[in-house]
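**Student:** Encoded as structure tokens, here's the structure I'll be asking about.
Just so it is clear, none of the values below were taken in a lab; they were calculated from the coordinates. Here the structure is a predicted model, which is why all the values come from computation and not from measurement. Here the Cβ positions follow ideal geometry from the backbone for every residue, glycine too, while neighbour counts run over all protein chains shown.
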Amino acid sequence: MTARSLEELASPYLQGLVPYIPGKPIDEVERELGITRAIKLASNENPLGPSPLALRALRDALSESHRYPDGGGYYLKQGLARHLGLTSDHLVLGNGCNELLELMARCFLLPGDEVVIADPAFVIYGMLAHLQGCTTVRVPLKAWTHDLEAMAKAVTSKTKMVFVGNPNNPTGTAVRPAELTGLMDALPDDVIVVIDEAYIEYVPPEMAPDSLGFVRQGRPVIVLRTFSKIYGLAGLRVGYGMAPPPMVELLERVRAPFNVNTLAQRAALAALDDDAHLSNSRSINELGRAYLSGELQRLGLECPPSVANFLLIDLKQDGRAVADALLRMGVIVRPLGGATLKTHIRVTIGTPPENERFIEALRTVLGKEQRSALSDQQPGKELIAEG
Ligand SMILES: Cc1ncc(COP(=O)(O)O)c(C=O)c1O
């Protein structure tokens, strides 16, 4: 009998699964193309960098690197609880909120379960469901936004989990608060809702739902947020989930003991209190979004109405080819592909000079090279020095 191959020994659910492709790091692009001064607008990071308070906390914590982290994340949870008006037993910390998505899948999803997700949505939801042997029910977006009514209708007796990315990646669109309440009210009590709010700090207050209200009410829901985006700490990997205590208790059973390292915990706690960094990051994003939207419109290109720190752009031609051409000019953006987004790229809103460079490179690639009169007067340059 011939020995089985590694492929055969692996979980059958790995078949057909391709690894998640992250945005290329700047170093890698520069090394491969032999260029310098590349800019990255591919992973929705904060272009202003980390909060200065977080940087100071990091320096102070370095000398404790020989110790294991606080496995329970006591101080970070206390800080978050204060910040959010919750108690620590509503909180679970993760190595990025990506790990919390994984823990949710491992905790609750079993072969044969159905999972309802929007299409397109953050690709990780579908990958995790597939890995657990679940059937993924994809509900097309309506006007580029989650169609929560249709998602509620897609729920069957087999549905275990519904994912709502709010704002959604890759469109940047958000649902209206009343629509989310409508979904929550429509769902049976044994369907778990994952509300992924990785970008919620960018959303105008009147558009941000009271998702923590569902947590306080003890509904079967987890709200996920992260320090990777507006807080500028993507490289440290720290995210958090807010859920009713019985759900937190289950997640704690599958969480690795030291999943969030000491530096990440300290920096996150410091970043939480840096209101200046937060509002500066919001302002630079809003100015950048207005600038990019205007310039893209002048180029005849359309974007869904993003309330996040990135734009989905329909180039009306092969998105990957344009992304490759931009890459060769040192501008890293995200091609998307799939059935619906072949002609799109996703671009993170950068600093004013980065946005300007992107627009200039895009003009060149699209063969529309006249310089924009507006780009020299781009607002917001003064905000960078403070960041
Ligand atoms: C919608 C969404 N959820 C979750 C994540 C994961 O973030 P983290 O860095 O906290 O793992 C991302 C990252 O891009 C995202 O876009």
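**Student:** Whole Å is fine, so just give me how far the alpha carbon centre of region 26-78 lies from that of region 86-116.
**Tutor:** 24
**Student:** Further, regarding this structure: So, in nm, how far is label Tyr74 from label Leu110 when the simple model puts each one 7 Å beyond its Cα toward the Cβ?
**Tutor:** It works out to 3.8 nm between the two label points.
**Student:** In addition: Please list, in chain and number order, the residues 5+ apart from Glu302 or on another chain whose amide H is under 5 Å from its amide H, with Hs placed from the backbone.
**Tutor:** It is Asp314, by chain and number.
**Student:** First measure r as the distance between the Cβ atoms of His66 and Thr136, then evaluate 1/(1 + (r/R0)^6) with R0 = 41 Å and state the FRET efficiency to the nearest 0.05.
**Tutor:** 0.40
**Student:** Compare Ala325, Ala198, Ala308 in a GNM of the chain, Cα atoms joined below 10 Å, and give the one with the largest fluctuation.
**Tutor:** So, out of Ala325, Ala198, Ala308, the one fluctuating most is Ala325.
**Student:** Of the beta bridges DSSP finds with both residues in the chain, what % are antiparallel, to the nearest 5?
**Tutor:** 45
**Student:** Still on this structure: Gain in length, Ala150 to Lys368, computed as 0.36 nm per residue apart minus the alpha-carbon separation, to one decimal in nm?
**Tutor:** So the extension gain works out to 74.4 nm.
**Student:** Next up: Express the Stokes-Einstein translational diffusion coefficient of the chain in µm² s⁻¹, to the nearest whole number, given a Kirkwood radius over alpha-carbon pairs, 20 °C and a viscosity of 1.002 mPa s. Numbers along the way, then the final one.
**Tutor:** Numbers: Rh = 22.0 Å.
Roughly 98 µm²/s, to the nearest whole number.
**Student:** Calculate the spin-label point distance for Thr181 paired with Ala339, positioning each point 7 Å from the Cα along the beta-carbon direction, and give it in nanometres.
**Tutor:** The answer from the label model is 3.5 nm.
**Student:** Report the semi-axes of the equivalent ellipsoid for region 59-272 in whole Å, largest first, where each axis is √(5λ) for an eigenvalue λ of the Cα gyration tensor.
**Tutor:** Three semi-axes, in Å: 29, 18, 16.
**Student:** Hey, could you get me the Stokes-Einstein D for region 159-276, Kirkwood radius over alpha-carbon pairs, 37 °C and 0.692 mPa s, rounded to whole µm² s⁻¹? Before the final figure, lay out the partial values.
**Tutor:** Values: Rh = 15.4 Å.
The calculation lands on 213 µm²/s.
**Student:** What list of ³J(HN,Hα) couplings, whole Hz, do you get for region 302-314 from phi and the Karplus terms 6.51, -1.76, 1.60, once you set θ to phi - 60° and write x for glycine and proline?
**Tutor:** 10, 9, x, x, 6, 10, 10, 9, 8, 10, 9, 10, 8
**Student:** Quick query: amide H of Phe310 versus all other amide H atoms, modeled in the peptide plane; which residues come in under 5 Å with a sequence gap of 5 or more or a different chain?
**Tutor:** Residues meeting the criterion, in which the H sits 1.01 Å from N, are Ile349.
**Student:** Which semi-axes, in whole Å and largest first, does the equivalent ellipsoid of region 208-305 have when worked out from the alpha carbon gyration tensor as the square roots of 5 times its eigenvalues?
**Tutor:** 33, 19, 13
**Student:** Right, here's the next one. Determine, from the Cβ-Cβ distance of Arg282 and Glu249 and an R0 of 30 Å, the FRET efficiency 1/(1 + (r/R0)^6), rounded to the nearest 0.05.
**Tutor:** After rounding to 0.05, the efficiency reads 0.30.
**Student:** Only Cα pairs within less than 10 Å get springs; with that Gaussian network setup on the chain, which residue of Pro120, Pro246, Pro305 has the largest fluctuation?
**Tutor:** Per the Cα network of the chain with a 10 Å cutoff, Pro246 tops the list.
**Student:** Just to check I understand the Karplus step: with θ = phi - 60° and J = 6.51 cos²θ - 1.76 cosθ + 1.60, what whole-Hz values come out for region 170-187, glycine and proline as x?
**Tutor:** Once θ is set to phi - 60°, the couplings for region 170-187 become x, 8, x, 7, 10, 7, 7, x, 5, 5, 5, 4, x, 5, 4, 6, 7, 7 Hz.
**Student:** Return the whole-Å distance between the Cα centroid of region 246-307 and the Cα centroid of region 172-216.
**Tutor:** Cα centroid to Cα centroid, the span is 17 Å.
**Student:** Take Asp210 and Glu30, extend 7 Å from each Cα along the Cα→Cβ direction, and tell me the distance between the two endpoints in nm.
**Tutor:** If labels sit at Asp210 and Glu30, their model points lie 4.9 nm apart.
**Student:** Also, quick follow-up: Would you kindly give the portion of the calculated P(r) for region 34-82 that falls above 14 Å, as a percent of all Cα pairs?
**Tutor:** Considering region 34-82, 73 percent of its Cα-Cα pairs are separated by more than 14 Å.
**Student:** Which far-off residues, 5 or more places away or on another chain, put their amide H under 5 Å from the one on Thr226, with H placed in the peptide plane?
**Tutor:** Placed amide hydrogens put Tyr240 under 5 Å from Thr226.
**Student:** Could you go through region 8-24 in sequence order and give the Karplus-derived ³J(HN,Hα) for each residue, using 6.51 cos²θ - 1.76 cosθ + 1.60 with θ = phi - 60°, rounded to whole Hz, and x for Gly and Pro?
**Tutor:** Calculated HN-Hα couplings, in order: 6, 6, 6, 3, x, 6, 6, 5, x, 9, 9, x, 4, 9, x, x, 5 Hz.
**Student:** How big is the antiparallel share of DSSP beta bridges in region 59-272, given as a percent to the nearest 5?
**Tutor:** Of all bridge pairs located within region 59-272, approximately 35 percent are antiparallel.
**Student:** Between Val18 and Ala81, what length comes free when the chain is fully extended (0.36 nm per residue of separation minus the Cα-Cα distance, one decimal in nm)? Intermediate values should be presented prior to the final figure.
**Tutor:** Details: separation 63, 0.36 × 63 = 22.68 nm, distance 3.74 nm.
Contour length minus the Cα-Cα distance gives 18.9 nm.
**Student:** Next up: For the chain: lysine pairs with Cα atoms under 17 Å, gap of 8 or more or different chains, count?
**Tutor:** Numbers: Lys24/Lys40; Lys24/Lys229; Lys40/Lys229; Lys142/Lys153; Lys316/Lys342; Lys316/Lys368.
So the count works out to 6.
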